[in-house]
Amino acid sequence: MKKVLLLAGVAALVSANANAFNLEREVKPYIGADYTYSNVEYKTTGYSLPHSYNSLGANIGAKLGEYFGPEFYYQQSFKRTTHTADKKVKNRFFSYGMDLMGYLPLGCEGMFNGLASVGFGDYNVKTSFRGHSNDTNKIGYRAGLGLQYNMTDNWSARIMGRYSYVGTR
């Protein structure tokens, strides 16, 4: 295995030396900020919890070539309080993870891109009621589709819909 990694490293150096992979042109790092609206479906709860959350997030990634790249994210919801007949329930969640992004240029001289993502995240849900608290941590997967508008080489805006499955109660 070590020999394979050594040969792969040597091949990468040789190809970079021959300008087969132009690092400045082919790798485009970026950072971003997200507003996220989440609609959560709770399966079997004994009490009514809020189903929608507003959260803020940050992401960092790199576009490798024209068609794909990795993206790392962090997302934190605002605290929600629900009053039921006999108790006050507070809950919030945060998540972090990685997505593999796919880009499809849609004409207009590269102004629009179709987006697709698939990835995973570590989801942490904190719930407290009547002086008790519950902290649930699960790994979940996510997939998404969207559209990106490239205003300039350095600025873009996107809208995405994502489905996340965590499998927790």
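Could you work out how much longer the chain between N154 and F129 gets when fully extended? Use 0.36 nm per residue separation minus the Cα distance between them, nm to one decimal.
4.4 nm
For the stretch 113-169, what is the convex hull (Cα atoms) projected area averaged across all directions, in square nanometres?
One quarter of the hull surface, i.e. the mean projection, equals 5.6 nm².
Throughout, read-outs are computed from the coordinates displayed, never taken from laboratory work. Values in this document were obtained by computation on a predicted structure and should not be read as measured data.
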